[in-house]
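Asks: Just passing along the structure, written as structure tokens.
Readers should treat all values here as calculations from the given coordinates under stated rules, not as data from a laboratory. What you see is a predicted model; the values in this text were computed from it and never measured. Here Cβ is always computed from backbone atoms with ideal geometry, including for glycine, and neighbour counts include all displayed protein chains.
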Amino acid sequence: MANDLIRGRAHVYGDDINTDVIIPGKYTKTLDLEDLARHVLADLDPGFRSRMKPGDILVAGENFGCGSSREQAPLALKASGVAAVAAKYFARIFFRNAINIGLPVIEVDWGGIETGDELRLDLNAGRLENISRHTGFDAAPLPRGMLIILQAGGLASYMKIHRDYPE
């Protein structure tokens, strides 16, 4: 993540989007990120991949990422080009997995955002703005430690950069 300001189009979904909906289990038997990306949200929204452009922002309701703790769910979103996920509430394991793999996530009580709206997300300030509708939503900014991990590209990248031991 080059900076903490993300701008993209919204893709809006509802409550209780579980990890099996984000990436169905039958597609998780691979380490090929492009293969995971091909199947992201396929059962919920078959047209997602054709509409999604790299840098877009997924917007969801309550309990996003509930279900299994599989790390493939945030990996599939990131590999598909999703720049960030803004939800009213995340399942805790999904939230942490997203940070660990370098996918920015923020909990924000948004309203009135529709698919296709142009959004700007400022992770440092904890602010989501709907440029299309001239509205904005405040959220608690991510803790500094999480921002540093995201800026490094995820926890593994952070550890490579900051390890205190020789190879």
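Asks: Under 24 Å from the Cα of residue 88, which lysines turn up, not counting those fewer than eight places away in the same chain?
Replies: Here the lysines satisfying the reach criterion relative to residue 88 are 53, 78.
Asks: Viscosity 1.567 mPa s, temperature 4 °C: give me the Stokes-Einstein translational D for the chain in µm²/s, with Rh taken as the Kirkwood radius over C-alpha pairs.
Replies: 82 µm²/s
Asks: A further question on this structure: Quick check for you: which residues of region 70-110 have the amide N under 20 Å from the point 7 Å beyond the Cα of residue 32 toward its beta carbon?
Replies: Inside the label zone: 71-82.
Asks: Now, a different point. Using Cα positions and a limit of under 20 Å, work out the aspartates and glutamates in reach of residue 160, with same-chain residues fewer than 8 apart set aside.
Replies: Those aspartates and glutamates meeting the cut-off are 71.
Asks: Given N residues in region 1-41, what is Rg(Cα) / (2.2 N^0.38 Å)?
Replies: Dividing the Cα Rg of region 1-41 by 2.2 N^0.38 Å gives 1.47.
Asks: Ok, one more. So which trypsin sites (Lys or Arg not before Pro) in region 70-167 are both in a DSSP loop and have at most 16 other Cβ atoms within 10 Å of their Cβ?
Replies: Working: sites: 70, 78, 88, 92, 96, 120, 127, 133, 144, 160, 163; in loops: 70, 88, 133, 163.
Of the trypsin sites (Lys or Arg not before Pro), the ones in loops of region 70-167 whose Cβ has at most 16 other Cβ atoms within 10 Å are 133, 163.
Asks: Sketch the reach of a paramagnetic label on residue 49 as a point 7 Å from Cα along Cα-to-Cβ, and name the residues of region 70-113 whose backbone nitrogen lies under 14 Å away.
Replies: 76-82
Asks: Can you give the convex hull volume per residue for the Cα atoms of region 88-162, as a whole number of Å³?
Replies: 93 Å³
Asks: Follow-up question, since we're still on this one. Assuming 0.692 mPa s and 37 °C, estimate D for region 63-124 with Stokes-Einstein, Rh taken as the Kirkwood radius over Cα pairs, in µm²/s.
Replies: Rounded, D is 269 µm²/s.
Asks: Here's something else I'd like to know. Restricting to bridges with both residues inside the chain, how much of the DSSP beta-bridge set is antiparallel, in percent to the nearest 5? If you can, show how the numbers build up before the last one.
Replies: Working: 13 of 25 bridges.
Antiparallel bridges: around 50 percent, rounded to the nearest 5.
Asks: Another question about this same structure. Any chance you could run the full-extension gain for residue 7 through residue 157? It's 0.36 nm times the residue separation minus the Cα-Cα distance, nm to one decimal.
Replies: Working: separation 150, 0.36 × 150 = 54.00 nm, distance 2.35 nm.
Here the answer is 51.7 nm.
Asks: Calculate, in whole percent, how much of the Cα-Cα pair population of region 1-93 lies beyond 17 Å.
Replies: Roughly 45 percent, rounded to a whole number.
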